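What follows is a set of notes on a single structure, which appears directly below.
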Amino acid sequence: MYQYLLLSSVVIPIVAAALCYLAAPWLGRRVGWVAFAALFITTAALVFADGPVLFSGGAVPAESYAWAPSAGLTFGFLADGLSFPIAVLVNLVLAATAVYSMPYMQARIKILYGEDKPSRLGLYYLNFLLVGAGLIGIVFSTNLVELYLFLELVLVPTFVIISLFGYVQKERVAIIYIIWNQLGAFIFLAGIALFYSAAGTFNLTPASLAAASSNSLAYWIVGLILVGWLVKMAVFGVHMWLPITEAEPPTSFAPTMAVVSGIGVYVIARVLFFGMTSIFSAFSLPLMAWAVLTMFYGGMVAMVQNDVKYIFAWSTMSQTAYSVLGLASTSALGAAGAVFFFGSQILGKFVMFAVAGIIVTQVGTRDVRKLGGLAAKMPFTAALFVLGALILSAVPPTSGFQSEWIMFAGIFSKGAQGSGAYLAVAILGLIATLFTVAYTFWPIKRMFFGPLASGLDGVKEAPLTMTVPLLAIVVVSILIGIYPDLVSKFLIGFANAVTSGGIG
């Protein structure tokens, strides 16, 4: 009955993308409901069909489809304890974004083109859904070539959305994005080629990963794959592209950009940490130090921004590095917490970027210095912003708290078992979390409290299509915070199963 479920999670958004483009002239902005329906249906199917099976410890859902048999290639999809919760959380964020985008993109297109252009809105949803299909394909992929193809599927429509609907110098920003991300993809592709040379296959099976780990090329394989994804995750030193490419696309797409830049957390966990653990552990200490440096730098720069979108663009750099730190700890708990933290981060980041978009559409400025007292005019939006800040700052009872303590428990276990350098890096990582509290809460006072800034008397609350999706995501985060087993049971169970007998 469910034999095509994982394939449909990729195919349905692609079909819906074409439908959105064709139906936009007749449906107008309501075409967003088509995108929402496609994402909601696939999410619900995953939750109710595969969720109970995995939660009870049943057989792992897997599908395989003939692709290029002569080359030993298949399109394989796997929903296990690592991929399943991430796919669900990504789809939830995308579904909420589809609804939020309807009023936002209608207003954005009017600004860009002077009138409603339903065909442009259809083009936005076409590319948005292709990005979504690519992200889910990356999560469920079972071989490296397939994963690379889905990665490219994400790259091109993201470029189109930035170049057509972005803000300042949108074409230049789109080119910056594609050059840096193609560089990361090229390095990753070199690692894939070496993997095939060592293992004789592109498939990510225990046998092929073991063969690659025992080969003389193993350190080159891990190094190239790691560096390729670190470029795409914008760690310090190769971060120059990220802030502008998250702040200048249409704000409705910014939460998706946070998913795109952070999906490397999942890939590194799947291929390197859980696949080539013994080799990956050799990179542990320098990678932990690199992650902490990124956390400090991104957090400090975020604190001095006056543009509300740039605050959270820089914060993406810092928060993604949290997960890198957890993976680099090479502990099962640290890795599970790192992936959990990535899932929680995209929930919180959706809320914060979406509020930034509400401020842009309702107030007409992104400059924090020109804002103040908005809680009196937009109380629901102000409350949502505070809740989003709680998620990102890891305050209970949100998912951020549960994911962060699990991750740091693993990081400090490495610090206690390793040398003093590991413990020092772990402590610095914990100190860096204070920046998150600072750059998420100081804008609250400046934007929403105090006397009403001049010229804001006519500001009104955003429409429900912009605020209700945020509330839904906040509810999901709190639900996970209260019942963390909804995510942690999958991730920690998977981590313990894979690393049993190996690193702990």
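No lab work stands behind these numbers, since they all come straight from the coordinates. Here the structure is a predicted model, which means the values were calculated and not measured. Ideal geometry is used to build each Cβ from the backbone, glycine not excepted, and the neighbour counts take in all protein chains shown.
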Per-pair calculated FRET efficiency, R0 = 25 Å: D116 and K370 via Cβ, rounded to 0.05: 0.35
Cut-off under 5 Å, modelled amide H: who pairs with F449 long-range: G373, L374, A375
State whether segment 230-305 is rounded, prolate or oblate according to the following rule on the C-alpha gyration tensor (a ≥ b ≥ c being the square roots of its eigenvalues): a/c under 1.5 gives rounded; otherwise a/b larger than b/c gives prolate, and the remaining case gives oblate. oblate
Residues whose built amide H sits under 5 Å from the amide H of L204, excluding neighbours closer than 5 in sequence, are N143, L144
Nearest 10, in degrees from 0 to 90: the angle of helix 464-482 to the longest Cα principal axis of the chain is 40 degrees
Residues with amide H under 5 Å from that of L73, placed H, sequence gap 5 or more: A68
Where does helix 308-328 land angle-wise versus the long Cα axis of the chain, in degrees 0 to 90, nearest 10? 20 degrees
Taking θ as phi - 60°, what are the ³J(HN,Hα) couplings along segment 277-287 by the Karplus curve (6.51, -1.76, 1.60), each to the nearest whole Hz, with x for Gly and Pro? 4, 4, 7, 4, 4, 5, 8, 4, 5, x, 5
With θ set to phi - 60° and the Karplus curve 6.51 cos²θ - 1.76 cosθ + 1.60, what are the ³J(HN,Hα) couplings of segment 162-168 in order, to the nearest whole Hz, using x for Gly and Pro? 4, 6, 8, 10, x, 9, 4
Once both labels are modelled 7 Å past Cα along the beta-carbon direction, what's the L22-V47 spacing in nm? 3.0 nm
Taking only Cα atoms, what is the 0 to 90° angle, nearest 10, from helix 399-417's long axis to the longest principal axis of the chain? 40 degrees
Tell me, R108, R30, R120 in order of fewest to most beta-carbon neighbours within 10 Å? R30, R120, R108
Here, Y4 and R446, labelled 7 Å along Cα→Cβ, have an inter-label distance in nm of 5.3 nm
One finds the C-alpha centres of segment 136-187 and segment 411-451 to be spaced, in Å, by 30 Å
F380-M300 pseudo-label distance in nm [points 7 Å out on the Cα-to-Cβ vector]: 4.1 nm
Under the classification rounded if a/c is under 1.5, otherwise prolate if a/b is larger than b/c and oblate if not, where does segment 118-225 fall, given a ≥ b ≥ c as square roots of the Cα gyration tensor eigenvalues? oblate
Which whole-Hz ³J(HN,Hα) couplings does segment 205-222 yield from phi under the Karplus relation 6.51 cos²θ - 1.76 cosθ + 1.60, θ = phi - 60°, glycine and proline marked x? 10, x, 5, 5, 5, 5, 5, 5, 5, 8, 7, 5, 8, 4, 5, 5, 4, 5
Proximal charge balance of G51 [Cβ under 14 Å; K/R count +1, D/E count -1]: -2
Can you classify segment 335-374 as rounded, prolate or oblate using the Cα gyration tensor, where a ≥ b ≥ c are the square roots of its eigenvalues, rounded means a/c under 1.5, and otherwise it's prolate if a/b beats b/c and oblate if not? prolate
Once Lys and Arg get +1 and Asp and Glu get -1 on their Cβ, which of I86, P255, L327 lies farthest toward the positive end of the dipole of segment 5-499? P255
